[in-house]
Each structure stands twice: as C-alpha cells, then as structure tokens.
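> Structure incoming, see below.
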Amino acid sequence: MTRRPNSRPLANVFIGESYNAAPSSTQRIRELEQRLAELTVDKEQLKARIAQLDRQIDAERLRVNSLTFATLSAGISGLVWDILVDDGQYARRGQDLVKIVDCNTLIVAAGVAESLYDSLSVGAAVQFRLFGDDRIFDGTITRLGGSGASSLYANLAVGPSAQHLQRFDVTVTVPDLAAEPDLSCAIGRTGRVIFTGGPIAQFRRFITRYGL
C-alpha cells in the first residue's frame, strides 16, 4: 500500500521576477534629488529677487521722501511761531511757509492816553516791569505810532487788542530782557511801562525826594 503525495498548494508563496526593483528605486531617488536641486536653485533665485525688490522699494521711499520735505535756511535764529501751510498742501515759489520769531529783538508796545502821548519823544528813557516780576528794566522809546496804529503790528508775533488800538501807541525797546534766561523770549507777556514824564514817575520822584 502506497501513500498519495500531498497535492495541497503551498500558502503565501509568490514567484516572480524582482531583479528590476533595485534599479527602479535608484532611478526614482535620482529624479527626486534632481528635483530637489532644481527647487533649491529656484529658492535662491526668489530670495535674490526679493532682496532686489526690497532695495528698489527703499530707493523709491527715499526718492518720495526727498520730494515731500526740504531743508529751509532762515536768515535769523529764533523760534517757529506759526506754520502757514498744511501738510500735503502745494506751496508755490516765493510763498511764506513759516513765521519765525526773532527773540533778539524784543519790543514792548504800550498804549497811553493822548495827554501823556503829547509829552513823549523818541529816544526818551523809560522803565519796564513785567507783571508778577519785581525786576525793573531800563528801556528807550523808539517809535510813537499814534492812535489806530494797527498796521505797525503787521510783522509782529502778537497783534494789538481792540482796547489797545483805542489808545496812542508807543514802542519801547528793552535790551536787557533778552539777556535774562527766563525772559529771553517772553512774547505775549504783559507789564507796566513807566515814563519819565508820566504821573507814576513823578509820584516816585516825589516819594524819593521827601523820603516817604
């Protein structure tokens, strides 16, 4: 009695031609490496292009900024008192742009009654004291403007009040004001002018004379 051979198929057995798998994988790796190299080159080119565009943007900003501002040279040194043009406004040649106050030429404008005005003369000595300050400064009358002298204030930083124009205008220079650090540019401050021939000066001389 003989045994029949086992005719059942073997499980999980695959027979095929696999000798081409390794060369195919190597080729794929080379293709990916080549693509990676190409992308790296593209990346460097894009970085260079971005850097070039950044330089162009910076240059354009400088050009635009050079057209939007300019350095102005003033004939005097002082303080900017008023800006006469708005930001972005077109300015024509010869147009006034800024008002600058010359603090080295401070003047005092006084309004007096007609009776006192008639007794004053250019070159007469006066005294001036700021309100709230005990210091007294010597001054000199430099102009007698009369009544309604509004045109005399056209080039001054502070214009006259309506009440001031109802009186007689007297311009006084007080050189020592500019020498005081806290008063070197005391524009707009008010005080009292004491005229040599005025009633206040006469009253002071009376007190001094009799020791009162």
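> So which residues in segment 99-130 are within 15 Å of I187 (Cβ to Cβ) and out of contact with any Cys (no Cβ under 8 Å at 6 or more places or on another chain), if there are any at all?
Scanning segment 99-130 gives K99, I100, D102, N104, T105, I107, V108, A109, F128, L130.
> Keeping to segment 106-144, report how many residues are within 27 Å of L79 (Cα to Cα) and outside any loop (DSSP other than H, G, I, E, B).
Selection size over segment 106-144: 16.
Residues are listed down the side, and each one gets a yes or a no for (1) at pLDDT below 85; (2) among the small types (G, A, S); (3) under 30 Å from L67 (Cα atoms):
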site: V80; (1), (2), (3): yes, no, yes
site: Q95; (1), (2), (3): no, no, yes
site: A109; (1), (2), (3): no, yes, no
site: Y117; (1), (2), (3): no, no, no
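> Look at I83 and say whether it is within 28 Å of P181 (Cα to Cα), free of Cβ contacts under 8 Å to residues at least 24 places away in the same chain and of a type in the set (V, I, T).
Against the criterion (within 28 Å of P181 (Cα to Cα), free of Cβ contacts under 8 Å to residues at least 24 places away in the same chain and of a type in the set (V, I, T)), I83 qualifies.
> For Q89, are the conditions met, namely being of a type outside the set (A, V, I, L, M), assigned to a loop (DSSP other than H, G, I, E, B) and out of contact with any Pro (no Cβ under 9 Å at 6 or more places or on another chain)? Lay out the reasoning, then the answer.
Numbers: of a type outside the set (A, V, I, L, M): yes; assigned to a loop (DSSP other than H, G, I, E, B): yes; out of contact with any Pro (no Cβ under 9 Å at 6 or more places or on another chain): yes.
In short, yes.
> I need the full set of residues from segment 101-118 which are surrounded by 13 or more Cβ atoms within 10 Å (Cβ to Cβ) and either without any contact (Cβ under 8 Å) to a residue 40 or more places away in the chain or among the hydrophobic types (A, V, I, L, M, F, W, C) (or both), in order please.
Matches in segment 101-118: V101, D102, C103, L106, I107, V108, A109, A110, V112, L116.
> Is it true that R49 is at pLDDT 90 or above, surrounded by 10 or more Cβ atoms within 10 Å (Cβ to Cβ) and either under 30 Å from I100 (Cα atoms) or of a type outside the set (A, V, I, L, M) (or both)?
yes
> Report, by residue number, each residue of segment 79-98 that is closer than 30 Å to A186 by Cα, surrounded by 10 or more Cβ atoms within 10 Å (Cβ to Cβ) and more than 15 Å from the chain's Cα centre (by Cα).
Q95
> Filter segment 128-147 down to the residues that are among the β-branched types (V, I, T), under 13 Å from A109 (Cβ atoms) and surrounded by fewer than 17 Cβ atoms within 10 Å (Cβ to Cβ) and list them by number.
If the condition is that a residue be among the β-branched types (V, I, T), under 13 Å from A109 (Cβ atoms) and surrounded by fewer than 17 Cβ atoms within 10 Å (Cβ to Cβ), then T142 is the only one that fits.
> Being of a type in the set (A, V, I, L, M, F, W, C) and either within 19 Å of S184 (Cβ to Cβ) or modelled with pLDDT of 80 or more (or both) is the filter here, so list the residues in segment 66-78 that pass it.
A74, I76
The values are calculated or read from the model by the stated rules, or taken from the named source; none is laboratory data. Keep in mind the model is a prediction, meaning the values are calculated, not measured. No Cβ is skipped: glycine too gets one built from the backbone with ideal geometry, and neighbour counts run over all protein chains shown.
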